[in-house]
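Please treat every number below as a calculation from the coordinates, not as lab data. Bear in mind the structure is a predicted one, so any value in this text is a computation, not a measurement. Every residue, glycine among them, receives a Cβ derived from its backbone with ideal geometry; neighbour counts consider all protein chains shown.
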Amino acid sequence: MLSVVENCFSPRTAAFFDLDKTVIAKSSTLTFSKSFYQGGLINRRAVLRTAYTQFVFLAGGADHDQMERMREYLSALCKGWNVQQVREIVAETLHDLIDPIIYDEAATLIEEHHTAGRDVVIVSTSGAEVVEPIGELLGADRVVATRMVVGDDGCFTGEIEYYAYGPTKAEAVRALAASEGYDLSRCYAYSDSATDVPMLESVGHPHAVNPDRALRREATLREWPILVFNRPVRLKQRLPAFSMPPRPALVAAAAVGAAAVTAGLVWYASRRRTAATALPG
């Protein structure tokens, strides 16, 4: 059980969550491959390849080289995709595809951190068009995600503007701490992958969740708590908290550009204060 509600005079704090295999049981991006196929964005061969990639990812996690190959493959795959069409497909299939694979344990932690007065930030290597709606579904306050370059025609160019991976996740966490006044020594972080060690070690309360072998070794050496999440459950089947009106909520993107991080600046979307603020699809 997490600590009691933060004292109102204490520095602000946050809980930073990796997404894939930490909050949800699969790769968020690869989960939508069938929907992208049905929407005409990819062919059957690409569906089969992403299914295989998903299997490898779930079987043993992905090391740095595998993640780099996945990045190159996915960035090439989505070249020419219409961004608005991607957002519409994700919005239409979000509840069917993502809701059933959210870990009950992760949803409970998110509730507990909110109850304790902490912001919840999703920090994911997956693309913003996928991560932002998932963050809203989870009731997150902010999102940091990979951003692809969008051309004047509204389509992805295949180039990456910001890659939320490895050390850049830690940079994003520190940038948010600087802009939002988070006391990182009192913040929490959760991840399944050794590639997220820089993010984990940037906070005072790191946790390994369903860790890959390398992260399990690291967590054991550093005496970090190791958590096992294995109960995916639909949010509406959980505790009554999820039948309550949603938090005043998330946000469009929390993209952090590499140059902006260096300057100590961050682009983010904080909670909407009025219903008039529109959220992109």
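Add +1 for every Lys or Arg and -1 for every Asp or Glu among the other residues with Cβ under 11 Å from the Cβ of PHE32, and state the total.
Result for the neighbourhood of PHE32: -1.
If Lys and Arg each add +1 and Asp and Glu each add -1, what is the summed charge of the other residues whose beta carbon sits under 10 Å from the beta carbon of ALA15?
-2
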